[in-house]
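Reviewing the structure listed below.
The values are calculated or read from the model by the stated rules, or taken from the named source; none is laboratory data. Quick caveat, the model's predicted, so the values are computed rather than measured. Neighbour counts are summed over all protein chains in view; Cβ atoms, including those assigned to glycine, are modelled from backbone coordinates with ideal geometry.
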């Protein structure tokens, strides 16, 4: 899936990714390829992304939003 | 004709002014680079955030944020600078504000939210009600700095102090081109958000495409909304509005520093031209005076020899 991580400071990440794991307001979610369209509020915590070659990256977030659309594009807003 | 001494003083004065404008040019060049960088870096986020806001507005239907209500009072947010010497930057913003206030004051009561000391002075001059004033926004502000301003706008709207919010600010296109835009900030609706996205997005490049995509209808996409639509909207909308306000400040800053840099560059160039023209006429006059003195000396000498 196409992943974009945006913050007020700029584009943090843009490219293909295998999965994204983050803490949401109602628990923890992992978004994989072709996830059902989703909008959710993210909670403070560690967000983990995994790219196509399986390399994991962790990003600390204060708060944010996540949107998965029907075109397999995941947009994450963090600040 | 001007005296030699007077010309000399004038030349020195012009040179001094030139030095000052040159220094200001260098300072604003640095600030310009910085503020442009911040404004442009934030654009992708602002555009995407607006896109999300638009989707949310579409899914939510009518909410307190989108409902049009009878307008008893309009808040006009005017963004200009704290200091002058910015060319026509402040004049342009205030001229636009003037025109809009004249139209709006016929329809409802008006309050202004002043960003920049120049706007405060303008409000005092026109005797307008001041809902709040902010200064010191000219230097790069972080998102947190813009929150108090955004919260006055948002809380006043929700609290019923005003029923409509307009913003007048400068949008940064290029160093040489900035345009004053008036936007309806609240109540927000899908068309207005789409229009704002179109204004922010550059004419060319990748984000130009995004602006075109905004026409898409998304009501048929079965979004799952967590934890619940109500909670999401209540968290998301104020946040995205704050973000929009923050972005307006950044664009205005980039415009201000660009306008100042260009104005100071022109002033320095003019000072240089003027100084060299003055140096030329000073030298000519000095030469003329010397020649005159030599003629007098030789004339006197001839007269003495002939006597």
**Request:** Determine whether segment A:14-29 contains at least one residue that is facing chain B (nearest Cβ under 9 Å), modelled with pLDDT under 90, assigned to a strand (DSSP E or B) and in contact with a helix residue (DSSP H, G or I) (Cβ under 8 Å, 6 or more places away or on another chain).
**Result:** no
**Item:** Residues of segment B:17-65 satisfying the condition of being in contact with a strand residue (DSSP E or B) (Cβ under 9 Å, 6 or more places away or on another chain) and surrounded by fewer than 17 Cβ atoms within 10 Å (Cβ to Cβ)
**Value:** B:40, B:41, B:59
**Message:** Based on this model, can you work out whether residue B:264 counts as buried (at least 23 other Cβ atoms within 10 Å of the Cβ) and farther than 30 Å from residue B:48 by Cβ?
**Reply:** yes
**Item:** Lone unmet requirement of (1) within 10 Å of another protein chain (Cβ to nearest Cβ); (2) under 19 Å from residue B:56 (Cβ atoms) for residue A:9
**Value:** (2)
**Request:** Within segment A:55-63, identify whether any single residue is away from chain B (no Cβ under 13 Å) and surrounded by 16 or more Cβ atoms within 10 Å (Cβ to Cβ), and answer yes or no.
**Result:** yes
**Complete:** By residue number, the members of segment B:39-61 that are closer than 17 Å to residue A:13 by Cα and either touching a helix residue (DSSP H, G or I) at 6+ places or on another chain (Cβ under 7 Å) or facing another protein chain (nearest Cβ under 8 Å) (or both) are B:41, B:42, B:43, B:44, B:45, B:46, B:47, B:48, B:49
**Prompt:** Applying the selection to segment B:1-11, what residues are assigned to a helix (DSSP H, G or I) and touching a helix residue (DSSP H, G or I) at 6+ places or on another chain (Cβ under 9 Å)?
**Reply:** B:4, B:7, B:8, B:10, B:11
**Fill in**
For segment B:27-38 the number of residues that are in contact with a helix residue (DSSP H, G or I) (Cβ under 6 Å, 6 or more places away or on another chain) and more than 9 Å from chain A (Cβ to nearest Cβ) is 6
**Request:** Determine whether segment A:32-44 contains at least one residue that is in contact with a helix residue (DSSP H, G or I) (Cβ under 7 Å, 6 or more places away or on another chain), facing another protein chain (nearest Cβ under 9 Å) and under 15 Å from residue B:44 (Cβ atoms).
**Result:** no
**Complete:** Exactly one of B:193, B:224 is facing chain A (nearest Cβ under 9 Å) and at pLDDT 80 or above, and that residue is B:224
**Request:** Specify which of the listed residues (B:71, B:119, B:77, B:93) is in a loop (DSSP other than H, G, I, E, B), touching a strand residue (DSSP E or B) at 6+ places or on another chain (Cβ under 6 Å) and more than 14 Å from every other protein chain (Cβ to nearest Cβ).
**Result:** B:71
